[in-house]
Amino acid sequence: MGLETWFMDSSEEDQRKPHKLTPNQPVSLEKLRQLGVFHWKLNADIYETDPELEKIRKDQGYSYMDIISIHKDTLPNYEEKLKSFFEEHLHLDDEIRYILDGQAYFDVRDQEERWIRIAMKKGDLITLPAGIYHRFTLDETNYTKAMRLFVGEPVWKAYNRPADDSDIRKKYVTSLQGC
Ligand SMILES: CSCCC(=O)/C(O)=C/O
Ligand SMILES: [Fe+2]
């Protein structure tokens, strides 16, 4: 099955729940592409030797890679980190994540300030552009393992909203014009 994405409801319920509208309003991959969000489906069982992953890394210049296991027993400062991941934020660089095990959600804002939820499962690799407002949460399974990729030395700093006056946000917003 392909990547599942949808517009979220605005309920304050547990962030780990799907938060679909009734009826569900799916979002197309084309819409995600317009926002600068790109997706690949890979075989996570062979990630250590996968030529397809190697090609993406070479083509995109993803020289840095590490693996993060997000579970209460494996991630130091688990609660604190999950809280910060779910704060609406942006980065100065693209965020590239590849789900090796488990599952989780990325939420991105569209041009009209609607939240789009992206259900990431094993084998999904996603790139979020620098300057897009987004957030991350585990789902109700409470576990995922993800590869983090980066061009050059990683910079993890997140700028919580509001960061509208930052150059990267202005650049991103300009890139959306005409979409
Ligand atoms: C799946 S890696 C943890 C989430 C993260 O690094 C981030 O910046 C979320 O937006
Ligand atoms: Fe982020």
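Bear in mind that the values in this text are calculations on the coordinates, not laboratory data. Only a predicted model underlies this, so the values are computations on that prediction, with no experimental measurement involved. Note: ideal-geometry Cβ built from the backbone for every residue, glycine included; neighbour counts use all protein chains shown.
Does segment 97-152 come out rounded, prolate or oblate, given a ≥ b ≥ c as the square roots of the eigenvalues of its C-alpha gyration tensor, rounded meaning a/c under 1.5 and, failing that, prolate meaning a/b above b/c?
Oblate is the answer for segment 97-152, as a/c is 1.5 or above yet b/c matches or exceeds a/b.
Out of ALA119, ALA163, ALA146, any idea which swings most in a Gaussian network model of the chain, alpha carbons joined below 10 Å?
Residue with maximal mean-square fluctuation among ALA119, ALA163, ALA146: ALA163.
Arranged by the count of other C-beta atoms within 10 angstrom, fewest first, what order do LYS83, LYS122 take?
LYS83, LYS122
Strictly over 18 Å apart at the Cα level, which of LYS41/LYS81; LYS122/LYS145; LYS41/LYS171; LYS20/LYS81; LYS17/LYS83; LYS31/LYS170 would you flag in this model?
Beyond 18 Å between Cα atoms: LYS41/LYS81; LYS41/LYS171; LYS20/LYS81; LYS31/LYS170.
Counting only the backbone N, which residues of segment 123-148 are under 16 Å from the spot 7 Å out from the Cα of GLU87 toward its beta-carbon?
Counting only backbone N, you get 133-137.
Suppose R0 equals 25 Å; then what is the FRET efficiency for SER10 and ARG33 from their Cβ-Cβ distance, rounded to the nearest 0.05?
E(calc), rounded to 0.05, equals 0.50.
222 nm [θ] for the chain, helices only, -39500 (n - 2.57) per DSSP H run of 4+, per residue, to 500?
Theoretical 222 nm ellipticity from helices: -5000 deg cm²/dmol.
Percent relative contact order of the chain, based on C-alpha pairs within less than 8 angstrom and at least six residues apart?
It rounds to 30 percent for the chain.
Given a Förster distance of 22 angstrom, what is the FRET efficiency for MET1 paired with THR49, based on the Cβ-Cβ distance and rounded to 0.05?
For R0 = 22 Å, the calculated efficiency reads 0.30.
Using R₀ = 41 Å, calculate the FRET efficiency as 1/(1 + (r/R₀)^6) where r is the Cβ-Cβ separation of LYS58 and ASN142; round to 0.05.
Efficiency at R0 = 41 Å is approximately 0.75.
When ILE68, ILE132 are ordered from fewest to most other Cβ atoms inside 10 Å of their Cβ, what list results?
ILE68, ILE132
Please say if the chain is rounded, prolate or oblate, where rounded means a/c under 1.5 for a ≥ b ≥ c the square roots of the C-alpha gyration tensor eigenvalues, and otherwise the choice is prolate for a/b larger than b/c and oblate otherwise?
Cα axes put the chain in the rounded bin.
Taking only Cα atoms and a 10 Å spring cutoff, compute GNM fluctuations for the chain and point out the largest among LEU53, LEU149, LEU21.
LEU21
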